[in-house]
Structures are given as C-alpha cells and as structure tokens.
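Participant: Supplied in structure tokens, the structure appears directly below.
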Amino acid sequence: MNIFDSHCHLDDPAFNKDVGEVIDRARKAGVTGMLIAGIDRISSEKALSIARSFDGVYTSVGFHPHDSKTCSEEDLDHLKMLVRDSKVCAWGEIGLDFNRMFSPREIQEKWFVKQIEIATELDLPIILHERDTRGRLIEILKTHGQKGRPAVVHCFSGNRNELRAYLDFGYSIGITGIVTQNERGSDLQKLCGTIPMERLLIETDAPYLTPLPEKKNTRRNEPAFVRSVLSKLARIRKEDPERLADATWKNTCRLFRIKPLPS
C-alpha cells in the first residue's frame, strides 16, 4: 500500500536533527510519497534541498499568509528560479489567515493575489491556506479567474457552503489529523463523506496537527502518522483503506503532475 503525505513541513526546525530518520520511518509505514510545502524564501530553499536528497520527496515554493509581511518582489523572483527544478511541483502554501493576523490583512491580500498571478503564469497548481476569512479567499479566487485551475485546499476545516464552493471550482480537498479528533473534528467528519473520491488528498501538516492515537504520545507530527488520517477517513467513508490509499495517491500525483503513477 503506497501512501502519499500531500502536505508536510520537513524543513521545520523540529526536524533539524533527524529528518533522514523521519523519512525512513515514513517509508517503513508505507508513506513513500511526501510533499514539503514552502512558507517563505528560506523555507522553500531548505525544502528543495531536502527534496533533492530523497527519492519520493517533492516540494512547493511560496509565501504563507503569516509570512507575507516579509515578502518582496525580489523574493518571488527568486522562488520563480527555484521552480526550474523538477522537484518543485506547486506554488504554495499561499492564502489568507484572518485568525492570528501575523501579517496585516491588506499585505496578505496583496501578496496572495500576486502569487496567484505567478502560479497562473507558470502553470503551476496552487496549495491554498484559509482560516477565518468569511468568504474573502473565495471572493478573490473568483475575481482572479481561478475556477478550474489545479489547486488543493490544504487542511480543510470549513463549512458545507465553503466545501461546495471549492468543489465547484474543481479543487482538491486536503484532510489532516483534525479528522481523527471527535470533538474538534466533528464537523469535518460529517462533511468527509460528501467529498468525491477523486478530490480527496490526505496530509499531516507535520510537525503540526498530530492525529490520534499518536497525539497521546507525542506533540511532533511526522509523515508516518498520515496512516492514522487514512484509517479514520476510511472508517468514516466506509471505504477499504487500500482502495482509499490508492485513490489519494493517484489524486496527489495527478494534481502535482508527479510521474509515474502507481500501477
């Protein structure tokens, strides 16, 4: 059973001492595909360096909304150069986050729009981050003609109307360890059965959002734990885990244009 962790942050300092061991544990758990999502210039460079060093590991480049206050045209030009590497297969993690407001709203929106334009210019799929924007992210996506473009809504935790809007755009939906938590993930669990199989991706967002049961023993999430996301999702949807693993693997490869697909 091949499993793809479609979104992790192995560039995070939490993995500085043992990233190789983490990747080895993932492979032993059947997680043979991993995508590291860049969040700024430095992290994107580091993610690419890791991806270059390991088979089955890929990356994206971009500026997270939290880090948009540090973004510049020069930084984005540099990221565009990194895209030339075959290991880079998406632009992101980009979007809007009006929850913690680590960057001002107007700055977030400015660089979000700019990065959408770059991804469109380079014909790259985008990895979207959304939190507490009350429809503003969807509004910008509509305004900038993103319906039908390849994209994934990373760590989806929205409501039914938002899910319907993303599916109408043609986007994929990334499911994290939140789905394993009966209290925090209750609303998500109710929606998971309504997502078409061909739109589902699974992810860890490691080192964050550790799923159950691993959450009982460690705070640091890692790609190997995406098996728990897969298992919970299979139970919710009443799917065979192997069939779901195969589908999410193929969905991830198709979205990010990673070849070859598994037989």
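The values are calculated or read from the model by the stated rules, or taken from the named source; none is laboratory data. Fair warning: this is a prediction, and the values are worked out from it, not measured in the lab. Counting neighbours? That spans all protein chains shown, and the Cβs are built from the backbone with ideal geometry, glycine included.
Participant: Would you check which residues across the range 145-156 are surrounded by 20 or more Cβ atoms within 10 Å (Cβ to Cβ) and either touching a Leu at 6+ places or on another chain (Cβ under 8 Å) or assigned to a helix (DSSP H, G or I) (or both) and list them?
Facilitator: Ala151, Val152, Val153, His154, Cys155, Phe156
Participant: One residue is enough: does the range 5-15 have a residue meeting the conditions touching a Phe, Trp or Tyr at 6+ places or on another chain (Cβ under 8 Å), part of a loop (DSSP other than H, G, I, E, B) and at pLDDT 95 or above?
Facilitator: Yes, some residue in the range 5-15 is touching a Phe, Trp or Tyr at 6+ places or on another chain (Cβ under 8 Å), part of a loop (DSSP other than H, G, I, E, B) and at pLDDT 95 or above.
Participant: OK, next. From the list Ala247, Ala234, pick out the single residue that is under 19 Å from Leu35 (Cβ atoms), among the small types (Gly, Ala, Ser), in a helix (DSSP H, G or I) and in contact with a helix residue (DSSP H, G or I) (Cβ under 9 Å, 6 or more places away or on another chain).
Facilitator: So the residue among Ala247, Ala234 that is under 19 Å from Leu35 (Cβ atoms), among the small types (Gly, Ala, Ser), in a helix (DSSP H, G or I) and in contact with a helix residue (DSSP H, G or I) (Cβ under 9 Å, 6 or more places away or on another chain) is Ala247.
Participant: Would you please list the contacts, defined by Cβ atoms under 9 Å and residues six or more apart or on different chains, that run from a residue in the range 186-198 that is β-branched (Val, Ile, Thr) to a residue that is part of a loop (DSSP other than H, G, I, E, B)?
Facilitator: Filtered contacts from the range 186-198: Ile195/Phe156.
Participant: Another question about this same structure. Residues in the range 28-64 that are in a helix (DSSP H, G or I) and either hydrophobic (A, V, I, L, M, F, W, C) or buried (at least 18 other Cβ atoms within 10 Å of the Cβ) (or both): how many?
Facilitator: The total comes to 9.
Participant: From the list Ile3, Ile36, Ile23, pick out the single residue that is under 26 Å from Gln146 (Cβ atoms) and of a type in the set (A, V, I, L, M, F, W, C).
Facilitator: Just one listed residue meets the conditions, Ile36.
Participant: Regarding Asn251, is this residue polar (S, T, N, Q), within 24 Å of Ile138 (Cβ to Cβ) and surrounded by 19 or more Cβ atoms within 10 Å (Cβ to Cβ)?
Facilitator: Yes.
Participant: Next up: How many of the residues in the range 172-230 are in contact with a strand residue (DSSP E or B) (Cβ under 7 Å, 6 or more places away or on another chain) and either polar (S, T, N, Q) or part of a helix (DSSP H, G or I) (or both)?
Facilitator: 10
Participant: Still on this structure, please answer the following. What are the residues in the range 81-116 that are part of a helix (DSSP H, G or I), loosely packed, with under 14 Cβ neighbours inside 10 Å and of a type outside the set (A, V, I, L, M), if any?
Facilitator: Glu106
Participant: Further question on the same structure: Six or more apart or on different chains, Cβ under 6 Å: which pairs go from a residue in the range 48-64 that's under 27 Å from Glu74 (Cα atoms) to one that's among the hydroxyl-bearing types (Ser, Thr, Tyr)? Could you list them?
Facilitator: Leu48/Thr59; Ala51/Tyr58; Ala51/Thr59; Val61/Ser44
Participant: Let me ask you something else. Charged (D, E, K, R) and more than 26 Å from Ile258 (Cα to Cα): which single residue out of Lys114, Lys110, Lys87 fits that description? Can you show your working first?
Facilitator: Numbers: Lys114 fails: more than 26 Å from Ile258 (Cα to Cα); Lys87 fails: more than 26 Å from Ile258 (Cα to Cα).
Unique residue meeting the criteria: Lys110.
Participant: I've got another one for you. Is it the case that Lys259 is surrounded by fewer than 19 Cβ atoms within 10 Å (Cβ to Cβ) and over 22 Å from Ala151 (Cβ atoms)?
Facilitator: It is false that Lys259 is surrounded by fewer than 19 Cβ atoms within 10 Å (Cβ to Cβ) and over 22 Å from Ala151 (Cβ atoms).
Table: residues versus (1) at pLDDT below 95; (2) surrounded by 14 or more Cβ atoms within 10 Å (Cβ to Cβ); (3) under 15 Å from the mean Cα position of the chain (by Cα); (4) over 23 Å from Val57 (Cα atoms).
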| position | (1), (2), (3), (4) |
| --- | --- |
| Leu188 | no, yes, no, yes |
| Pro196 | no, no, no, yes |
| Leu200 | no, yes, yes, no |
| Tyr208 | no, yes, yes, no |
| Pro213 | no, no, no, yes |
| Lys216 | no, no, no, yes |
| Asn221 | no, yes, yes, no |
| Ala234 | no, yes, no, yes |
| Glu239 | no, yes, no, yes |
